[in-house]
1. Report, to the nearest 10°, how far helix B:33-59 tilts away from the longest principal axis of the Cα atoms in chain B, using its own Cα long axis and a range of 0 to 90°.
2. Find the percent of Cα-Cα distances in region A:78-127 that exceed 15 Å, and round it to a whole number.
3. Given the convex hull over the Cα atoms of region B:2-110, what projected area results after averaging over all orientations, in nm²?
4. Within 10 Å of each Cβ in A:85-97, how many Cβ atoms from other chains are there, averaged over the peptide?
5. Evaluate peptide B:79-92: per residue, the Cβ atoms of other protein chains within 10 Å of its Cβ; return the mean as an integer.
6. Find the percent of Cα-Cα distances in region A:21-81 that exceed 19 Å, and round it to a whole number.
7. For the Cα atoms of chain B, what angle does the longest principal axis make with the long axis of helix B:2-29, in degrees from 0 to 90, nearest 10?
8. Per DSSP helix of 4 or more residues, -39500 (n - 2.57); summed, then divided by the residues of chain B. What does that give at 222 nm, rounded to the nearest 500?
């Protein structure tokens with residue numbers, strides 16, 4: 001059962017999209033009925049046909065348990081950060097100083113970057129100001145970070161979150177146009193040496209050297 | 001049991017409202033746009049989620065409950081995106097109190113492109 005689910009999770013993102021939109025539709029109506037389910041399915045397919053999303057490829061399975069851990073962690077962090085920012089808002093005294101910190105990401109996956117941006121905006125201290133998957137960097141505004149220790153604490157926090165997300169496997173989901181180029185580049189080294197040996201100008205010198 | 005749920009729901013709604021109030025105060029008191037986006041995302045989102053959970057506990061009817069779940073989920077998904085876009089725009093159009101920045105790694109990068 002769970003293996004099959006993971007297969008859907010990993011290999012059929014389009015099926016997932018239809019399921020998700022159908023679920024939203026049924027939840028909007030609030031009651032489950034076959035008419036709702038069917039109507040939701042039709043609307044979902046219509047939406048995805050009219051507003052197509054870029055195709056994604058997955059190089060493996062996502063891990064639901066690790067995903068659940070990230071969700072729980074972010075939920076807890078959201079509670080902490082809400083109280084923190086609420087206090088920073090209402091406490092008397094001068095306004096808090098802050099920093100804009102550049103943080104490197106170890107993978108150039110778009111989904112990893114997007115999920116980091118989402119999570120970092122909810123966890124303590126940070127709002128992402130700018131992010132670039134190609135440059136593997138994101139810039140976050142860290143409220144109340146007025147010394148190097150606080151900056152380092154933030155960096156460590158991002159590293160932890162990133163490691164958790166990598167454990168889920170989000171970096172294996174890739175948007176297709178970008179990934180096709182990368183996939184070719186990845187297989188090139190294996191394919192290249194063979195044609196190189198049969199290149200005409202490679203065999204010419206050996207023939208000349210023969211006699 | 002239902003009285004307990006009613007009380008719990010009321011407490012959660014009250015807590016959520018307090019967080020939302022703190023977020024509103026933060027929007028007024030914090031020094032610049034970027035700092036204000038902190039208030040607009042975290043306490044505001046958490047406050048709304050608490051209000052949603054609280055109302056779901058008090059209502060206990062499925063039709064409205066599922067709608068509330070959707071409200072919470074979409075708030076969680078969209079609030080960071082809004083904060084990111086507003087923050088990015090604010091930084092690029094100079095809505096940042098630079099005297100209150102301890103360090104600014106983006107300043108080195110923004111020198112050549114886009115400005």
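1. Long axis of B:33-59 versus the principal axis of chain B: about 10 degrees.
2. Roughly 58 percent, rounded to a whole number.
3. Convex hull of Cα atoms, orientation-averaged projection: 7.9 nm².
4. 6
5. Working: counts 3, 9, 5, 1, 8, 12, 0, 2, 9, 6, 1, 2, 5, 2.
Mean shielding count: 5.
6. Considering region A:21-81, 61 percent of its Cα-Cα pairs are separated by more than 19 Å.
7. It works out to around 20 degrees.
8. Working: 4 runs with 92 residues, N = 115.
Roughly -28000 deg cm²/dmol at 222 nm, from the helical runs in chain B.
We did not get these values from a lab; they are worked out from the coordinates using the rules stated. Everything numeric here is computed off the predicted structure, so don't read it as measured data. For neighbour counting, all protein chains shown are included, and Cβ atoms are generated from backbone atoms with ideal geometry for every residue, glycine included.
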